[in-house]
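Trainee: Have a look at this one.
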Amino acid sequence: MVKTALRYLLVAILCAGAAVVLLVAARLERRLALADQELAMMNLSRAARAYDEVADSLAATGRIPWLLRGTRDEIAARQAAVRYWRGDYAPLVADYTSPDSPSIADNLDLQFIVANADYRSVQRPDSTPEMALGVLDHAIGVYRRLLEGNEAHLEAAFNYEVMVRLRNRIAAGDEVPEFRRPTAPGNEGDNPEETEMEDIQIYVPSDTVIDPADTEDPTIGAGAPIRKRG
């Protein structure tokens, strides 16, 4: 009888502990989601404050390396992202590349953000071709080192290819692109050259019931009649 009661009590304690853990995890995920929302809307001050508060609440778990390690790494990457979008490039790079910096070897997202900040930190407005080539050589080396251990990182591979192509164009005599500080929505593009409407061709996907061989109209999806079967 006593053993049975103790067994039930132990099960109840375990269930209660699991419930507490799930409740804490749910609240943590909600706080992270709200912080991510602020970052997505580029409310950088609010996002930074929210991430800092979550990081402070998890500070005690740092004494146990395996506990919530993924969450701590995610928050560190988000905090670095806030600093990147603020243009805090050189200090961000210094915080993770000095001899006494914490290791980021297992945090791929953070490595990528630091690599981007490293490239931005050496960019200069009104660069000469020689200066631009030096900056690009530096950036290419940064992304190459990142890809050496993480060849499946598509964003790093994309940036690496962009830098290589840009370097080749400048080395071949193209003008150095105008320096622009990056923004999350992207930089505003230039107005297109004046073009007559008749020179613009718009291709619309055609309906599968139309045989492309029956018409030479490139916009058959827009104006040609649809012939139904049956």
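Trainee: Taking VAL93 as the residue in question, decide whether it is touching an Asp or Glu at 6+ places or on another chain (Cβ under 6 Å) and either over 22 Å from GLN37 (Cα atoms) or in the same structural domain as LEU32 (by TED's automatic domain parsing) (or both).
Mentor: Working: touching an Asp or Glu at 6+ places or on another chain (Cβ under 6 Å): yes; either over 22 Å from GLN37 (Cα atoms) or in the same structural domain as LEU32 (by TED's automatic domain parsing) (or both): yes.
Answer is yes for this residue.
Trainee: Next up: What about MET131, is it buried (at least 17 other Cβ atoms within 10 Å of the Cβ) and out of contact with any Cys (no Cβ under 8 Å at 6 or more places or on another chain)?
Mentor: no
Trainee: Going by what's in this entry, would ALA172 be described as modelled with pLDDT of 90 or more and either farther than 30 Å from THR71 by Cβ or not assigned by TED's automatic domain parsing to the domain that holds GLY87 (or both)?
Mentor: Against the criterion (modelled with pLDDT of 90 or more and either farther than 30 Å from THR71 by Cβ or not assigned by TED's automatic domain parsing to the domain that holds GLY87 (or both)), ALA172 qualifies.
Trainee: Given the criteria buried (at least 20 other Cβ atoms within 10 Å of the Cβ) and in a helix (DSSP H, G or I), does VAL164 qualify?
Mentor: No, not satisfied.
Trainee: Identify the residue in region 45-60 that is among the hydrophobic types (A, V, I, L, M, F, W, C) and at pLDDT 90 or above and, among all such residues, is surrounded by the fewest Cβ atoms within 10 Å (Cβ to Cβ).
Mentor: Residues of region 45-60 among the hydrophobic types (A, V, I, L, M, F, W, C): 47-48, 50, 54-55, 58-60.
Of the ones still in play, those that are also at pLDDT 90 or above are 47-48, 50.
Working: ALA47: 23, ALA48: 19, ALA50: 22.
Once the filter is applied, the top-ranked residue is ALA48.
The values are calculated or read from the model by the stated rules, or taken from the named source; none is laboratory data. Bear in mind the structure is a predicted one, so any value in this text is a computation, not a measurement. Quick reminder, even Gly has a Cβ in these numbers, built from the backbone with ideal geometry, and neighbours come from all protein chains shown.
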